[in-house]
1. For H231, what is the net charge nearby, where nearby means another residue's Cβ is under 9 Å from its Cβ and Lys, Arg count +1, Asp, Glu -1?
2. Please report how far the C-alpha centroid of region 62-121 lies from that of region 124-195, rounded to the nearest whole angstrom.
3. Using the Cα atoms as the points, what is the convex hull volume per residue of region 137-184 in Å³?
4. Using a simple charge model, +1 on the beta-carbon of Lys and Arg, -1 on the beta-carbon of Asp and Glu, nothing else, what dipole does region 14-128 show about its Cα centre, in debye to the nearest 20?
5. Going highest first, how would you order 206-215, 91-100 by mean Cβ packing within 10 Å?
6. For the chain, what is the accessible area per residue in Å², given a 1.4 Å probe and the full set of protein chains?
7. Considering only lysines 8 or more places apart in sequence, or on different chains, count the pairs in region 187-258 whose C-alpha atoms sit under 14 Å apart.
8. Per residue, how big is the convex hull of region 85-239 when only Cα atoms are used? Give it in Å³.
Amino acid sequence: MAQLNSRQWQIINRKRSRFFRKYSRAFAIALGKQIERVEKNILIDFNTIVDRVPELVNTQDLHEPYVNLYKEAGGWFALDTYKGLFKQDEQMMLSVYEQSLEEYGKFIAAQRVTEVTQTSINEARRILKSIIAESLDEGFGVEKTATNIKKRFGVEYGKNQRWRAKRIAQTELIGASNQGAFEAARSVDFPVVKQWLAGGPNVRDSHAKVNGTRLKMDEKFVLYGPKGVSHGLHPGDPELPASELVNCHCALSTRPAK
């Protein structure tokens, strides 16, 4: 088995780091925008705010960082992979890959936004219920309770918001970079093989076991995880279960087949 944290994985991971900070911030902003209307309605009628959270939480702004990440990071890694395999007009190929990865990003966003939004709804309702219960226990009146909720809700929500944004950015950056590399390698007119490179903190046993495995482009890696067997074309493949996706740091390496 190839050694974990190989030099090749480290090179790929350094390339990914240029996008991580940007999109951690982008997802943090989007998650914050999800609850703006919740915050604005607290003082209007805090008695119904918990039940109204699902209708007030915004999903529209959450699509954009997904699409932009896959277009920008995915397109960059597609071009980087292609350049390593085949010489061609870089600007033309970048445009082709960005368009392809942008559409792929829309596909991913359609899958992920509903789940992320439901987590935002659950978190917002949990925080609101907790603050309201504490206010009632303190014997606060209506006005003081509403003021207390208004003062504390955004702060409490923000504590987890930054952590969630980093986790989302990390997960999707792995998906975008590896999907870009996969698409580029699949687009050339000669045989290419791919390799799973495991690395980063807290590597899953299932990823360590597949580390260094080389396959043809259309073959799927087999992961033996704690929740059963799963299959994916590359690290971050959306066909893999969440238990094999979230906070993954693995990379896809490609080279011409011998």
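1. Values: positive: K220; negative: D237, E239.
Taking every Cβ under 9 Å from that of H231, the sum is -1.
2. Rounded to whole Å, the Cα centres lie 20 Å apart.
3. Details: hull volume 4.0 nm³, N = 48.
Considering the Cα atoms of region 137-184, their hull volume per residue is 83 Å³.
4. Values: 18 positive and 16 negative charges, 114 e Å.
Around 540 debye, computed over region 14-128.
5. On the way: 206-215: 18.0, 91-100: 16.1.
Per-residue mean Cβ counts within 10 Å order the peptides as 206-215, 91-100.
6. On the way: 13400 Å² over 258 residues.
For the chain, the per-residue accessible area is 52 Å².
7. On the way: K194/K216; K194/K220; K194/K258; K216/K258.
Final tally of qualifying lysine pairs is 4.
8. Numbers: hull volume 25.1 nm³, N = 155.
Enclosed volume per residue, from the Cα hull, is 162 Å³.
The values are calculated or read from the model by the stated rules, or taken from the named source; none is laboratory data. This structure is a prediction, so every number in the text was calculated from the model and none was measured. A quick note on method: Cβ atoms are made from the backbone with ideal geometry, for glycine too, and the neighbour counts reach across all protein chains shown. Just so you know, the surface numbers come from the protein's heavy atoms only, side chains and all, with ligands and any DNA or RNA stripped out. Shrake-Rupley method; radii C 1.70, N 1.55, O 1.52, S 1.80 Å.
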